[in-house]
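Enquirer: My questions all concern the structure below.
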Amino acid sequence: MAIKITDECINCGACEPECPNNAIYEGGVEWAIADGTSIKGEYTLMDGTAVDADQRMEPISVDYYYIVPNKCTECQGFHEEPQCAAVCPVDCCVPDEMYRETVDELLSKKERLHI
């Protein structure tokens, strides 16, 4: 399951540099699959939508940092635990119940993002 940042976020930014997938963005900032990954060309999102990897997408949040579920692997294949949650001073990085994925699915996503 992906990680999400709750509205308790204090916008400290501690989580952003810790993400190995560049899945964390400051509120209001557009995101793209290509940011911090090796993806080029067309990429299929979790909902089946095909997008260009460089296409800028609408921010998920404008008020506080957010995590893009399509890029979050819960740090599987990189670290023992999600690094955003490990460094968050207010414990607002929590599992996102809307995106349930197995360890194998998360590792497969990691491989797609970092060819």
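The values are calculated or read from the model by the stated rules, or taken from the named source; none is laboratory data. The structure displayed is predicted, hence computed values, not measured ones. Positions of Cβ are generated from backbone atoms using ideal geometry, with glycine treated the same way; all protein chains shown enter the neighbour counts.
Enquirer: Test of understanding: among THR37, THR102, THR49, which residue is among the β-branched types (Val, Ile, Thr), touching a Leu at 6+ places or on another chain (Cβ under 6 Å) and over 27 Å from ILE10 (Cβ atoms)? Step through it out loud before you land on a result.
Expert: Values: THR102 fails: touching a Leu at 6+ places or on another chain (Cβ under 6 Å); THR49 fails: touching a Leu at 6+ places or on another chain (Cβ under 6 Å).
Just one listed residue meets the conditions, THR37.
Enquirer: With the requirement that a residue be at pLDDT 95 or above and either of a type in the set (Ser, Thr, Tyr) or in contact with a helix residue (DSSP H, G or I) (Cβ under 8 Å, 6 or more places away or on another chain) (or both), what does segment 80-101 give you?
Expert: The answer is GLN83, CYS84, ALA86, VAL87, ASP91, CYS93, VAL94.
Enquirer: On to the next question. Conditions first: (1) over 19 Å from LEU113 (Cα atoms); (2) part of a loop (DSSP other than H, G, I, E, B). ALA86 passes all but one, so which condition is the exception?
Expert: Condition (2) is where ALA86 drops out.
Enquirer: Within segment 1-42, how many residues turn out to be touching a strand residue (DSSP E or B) at 6+ places or on another chain (Cβ under 6 Å) and over 15 Å from ILE60 (Cβ atoms)?
Expert: Qualifying residue count, segment 1-42: 2.
Enquirer: Right, here's the next one. How many of the residues in segment 16-28 are on the phi < 0 side of the Ramachandran plot and either surrounded by fewer than 16 Cβ atoms within 10 Å (Cβ to Cβ) or aromatic (Phe, Trp, Tyr) (or both)?
Expert: Within segment 16-28, residues that are on the phi < 0 side of the Ramachandran plot and either surrounded by fewer than 16 Cβ atoms within 10 Å (Cβ to Cβ) or aromatic (Phe, Trp, Tyr) (or both) number 4.
Enquirer: Would you check which residues across segment 23-44 are polar (S, T, N, Q), within 18 Å of GLU105 (Cα to Cα) and touching a residue at least 24 places away in the same chain (Cβ under 8 Å) and list them? Can you show your working first?
Expert: To start, the set of residues in segment 23-44 that are polar (S, T, N, Q) comprises 37-38, 44.
When the remaining residues are screened for being within 18 Å of GLU105 (Cα to Cα), the result is 37, 44.
Selection gives THR37 alone.
Enquirer: Continuing with this model, one more query. Given the condition in contact (Cβ under 8 Å) with a residue 40 or more places away in the chain and among the basic types (Lys, Arg), answer yes or no: does some residue in segment 45-68 qualify? Can you show your working first?
Expert: Looking only at segment 45-68, we keep the residues that are in contact (Cβ under 8 Å) with a residue 40 or more places away in the chain, and these are 46, 61, 63-68.
After this cut, where a residue has to be among the basic types (Lys, Arg) as well, the list is none.
The answer is no, given that none of the residues of segment 45-68 is in contact (Cβ under 8 Å) with a residue 40 or more places away in the chain and among the basic types (Lys, Arg).
Enquirer: Could I ask something else about it? Looking at the structure I just gave you, is GLY13 farther than 17 Å from ASP96 by Cβ, touching a Pro at 6+ places or on another chain (Cβ under 6 Å) and modelled with pLDDT of 95 or more? It would help to see each step written out before you state the result.
Expert: On the way: farther than 17 Å from ASP96 by Cβ: yes; touching a Pro at 6+ places or on another chain (Cβ under 6 Å): no; modelled with pLDDT of 95 or more: yes.
Considered against the rule, which asks whether it is farther than 17 Å from ASP96 by Cβ, touching a Pro at 6+ places or on another chain (Cβ under 6 Å) and modelled with pLDDT of 95 or more, GLY13 comes out as no.
Okay, residues lined up against (1) aromatic (Phe, Trp, Tyr); (2) assigned to a loop (DSSP other than H, G, I, E, B); (3) over 20 Å from VAL94 (Cβ atoms):
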{"position": "PRO17", "(1), (2), (3)": "no, no, no"}
{"position": "GLY28", "(1), (2), (3)": "no, yes, yes"}
{"position": "ILE33", "(1), (2), (3)": "no, yes, yes"}
{"position": "THR37", "(1), (2), (3)": "no, yes, yes"}
{"position": "SER61", "(1), (2), (3)": "no, yes, no"}
{"position": "TYR64", "(1), (2), (3)": "yes, yes, no"}
{"position": "THR73", "(1), (2), (3)": "no, yes, no"}
{"position": "HIS79", "(1), (2), (3)": "no, yes, no"}
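Enquirer: So, one more: For residues that are in contact with a Lys or Arg (Cβ under 7 Å, 6 or more places away or on another chain) and in a helix (DSSP H, G or I), tally how many sit in segment 89-114.
Expert: The total comes to 1.
Enquirer: Would you point out the residue of segment 52-106, among those that are exposed (fewer than 13 other Cβ atoms within 10 Å of the Cβ) and acidic (Asp, Glu), that is farthest from GLY27 (Cα to Cα)?
Expert: ASP104
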